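Before any comments, here is the structure.
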Amino acid sequence: RKGNVVITGASSGLGLATAKALAETGKWHVIMACRDFLKAARAAKSAGIAKENFTIMHLDLASLDSVRQFVDNFRRSDMPLDVLVCNAAVYLPTAKEPRFTAEGFELSVGTNHLGHFLLARLLLEDLNKSDYPSKRLIIVGSITGNTNTLAGNVPPKANLGDLRGLSGGLNGLNSSVMIDGGDFDGAKAYKDSKVCNMLTMQEFHRRYHEETGITFASLYPGCIATTGLFREHIPLFRTLFPPFQKYITKGYVSEDEAGKRLAQVVSEPSLTKSGVYWSWNKASASFENQLSQEASDAEKARKVWEVSEKLVGLA
Ligand code: NDP
């Protein structure tokens, strides 16, 4: 049978390119988990994904009720779950004021980390039931949360501190909206959320890999300077960022190429190692990359896991 892969945020950018790359192989059925049904339908059509190769299901990661409803709907479809890709994200680098999820968490960490944390925790059971030979749970990471790289050292740097803001619920009422307790900074909140994504992947690996055989992985697909991720940035940035990445840092990858990379992490028989953060070299070959100290801190990963469990109502 075909493999079934759920991809969050498959209505644009990396998620859409990955959906396309997998659907084209004829070996995958893609469940596009998206907040905007019409946008997803148009995106699938313009990418040329054949009807029989995808299903769109509503998911708004900025609402924990929506996450739970998505899981119920997915289960009702009776499709087995073979691979889950947590890809969706928001990035609010120019926001002066924080925005919030339905439950009142700061929007970047609430969507990118907490929404995905609940989704992945609930769907672990479904992955576990599948009889697919190589089951995988992939959480898209980023170099920007990784302070052992040049890009990760552009201020404001990711830093989760002692998690006081996260423990308080990131609500701006009785706690800070930032994980480390600092003042709101949209660019930093995004980077912090990506550190949480990478820590969560490793904690999943430590807790569940041996018992379930599921491969847990993260990746940095390269700088895809053209995606919607930068939609909130100032116009001058959006004009200059793609050529800057192409010619100066040479970190640029096209959406197509990035989609092929993530599709490899979903389906390549050679990429089954669990607990790995994949990157690609200049020749487009995958390798196991090193994470920064904070993004590989096992004690912090455990704490982020435990605090997140409380916030999403699992503990
Ligand atoms: P895009 O903005 O193009 O795609 C993000 C997707 O997430 C969109 O489909 C968007 O939906 C969806 N999304 C946002 N909020 C929600 C929500 N509340 N519920 C459900 N879906 C939501 O960005 P990219 O493709 O660039 O980003 C994809 C991933 O790649 C992210 O995890 C990002 O961190 C990562 N990444 C990107 C890099 C880059 O250079 N672009 C580099 C490294 C990592 P909608 O279409 O409705 O807006």
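Hey, does region 233-240 have a residue that's closer than 23 Å to V30 by Cα and loosely packed, with under 15 Cβ neighbours inside 10 Å?
no
List pairs: first residue in region 1-27 and at positive phi, second residue at pLDDT below 95 and among the polar types (S, T, N, Q) anywhere in the structure, Cβ distance under 7 angstrom, at least six positions apart or on different chains.
Short answer, once both residue conditions are applied: G13/T227.
Table: residues versus (1) closer than 19 Å to A89 by Cα; (2) modelled with pLDDT of 95 or more; (3) within 14 Å of the ligand (Cβ to nearest atom).
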| residue | (1), (2), (3) |
| --- | --- |
| G213 | no, yes, no |
| F230 | yes, no, yes |
| K246 | no, no, yes |
| Q264 | no, yes, no |
| T272 | no, yes, no |
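Give the residues of region 214-244 that are touching a Leu at 6+ places or on another chain (Cβ under 7 Å) and among the polar types (S, T, N, Q), sorted by residue number.
T227
Of everything in region 152-164, what is assigned to a loop (DSSP other than H, G, I, E, B), surrounded by fewer than 19 Cβ atoms within 10 Å (Cβ to Cβ) and in contact (Cβ under 8 Å) with a residue 12 or more places away in the chain? Give them in sequence order. Break it down stepwise before answering.
Looking only at region 152-164, we keep the residues that are assigned to a loop (DSSP other than H, G, I, E, B), and these are 154-163.
Still in the running and surrounded by fewer than 19 Cβ atoms within 10 Å (Cβ to Cβ): 154-157, 159, 161-163.
Scanning region 152-164 gives P156, K157, N159, G161, D162, L163.
Of everything in region 1-37 that's assigned to a loop (DSSP other than H, G, I, E, B) and within 13 Å of the ligand (Cβ to nearest atom), which residue is farthest from the chain's Cα centre (by Cα)?
The initial filter retains those residues of region 1-37 that are assigned to a loop (DSSP other than H, G, I, E, B), namely 1-2, 9-12, 25-27, 35-36.
Now restrict to residues that are within 13 Å of the ligand (Cβ to nearest atom): 9-12, 35-36.
Values: G9: 9, A10: 11, S11: 14, S12: 13, R35: 15, D36: 17 Å.
Within region 1-37, the match that is farthest from the chain's Cα centre (by Cα) is D36.
Tell me which strands (runs of 3 or more DSSP E) are completely within region 54-151 and hold 1 or more residues being over 24 Å from A301 (Cβ atoms) and within 14 Å of the ligand (Cβ to nearest atom), or say none if there are none. Before the answer, list the steps.
Working: elements: 54-58, 83-86, 136-140.
It comes to 54-58.
If you take the residues of region 165-208 that are part of a helix (DSSP H, G or I) and in contact with a strand residue (DSSP E or B) (Cβ under 7 Å, 6 or more places away or on another chain), which of them is nearest to N146 (Cα to Cα)?
Looking only at region 165-208, we keep the residues that are part of a helix (DSSP H, G or I), and these are 165-168, 186-208.
In the following step, the residues that additionally are in contact with a strand residue (DSSP E or B) (Cβ under 7 Å, 6 or more places away or on another chain) were identified as 189, 197-198, 200-201, 204-205.
Details: A189: 13, N197: 11, M198: 9, T200: 14, M201: 14, F204: 19, H205: 19 Å.
Once the filter is applied, the top-ranked residue is M198.
The values are calculated or read from the model by the stated rules, or taken from the named source; none is laboratory data. Quick caveat: nothing in here was measured; it's all calculated off a predicted structure. No Cβ is skipped: glycine too gets one built from the backbone with ideal geometry, and neighbour counts run over all protein chains shown.
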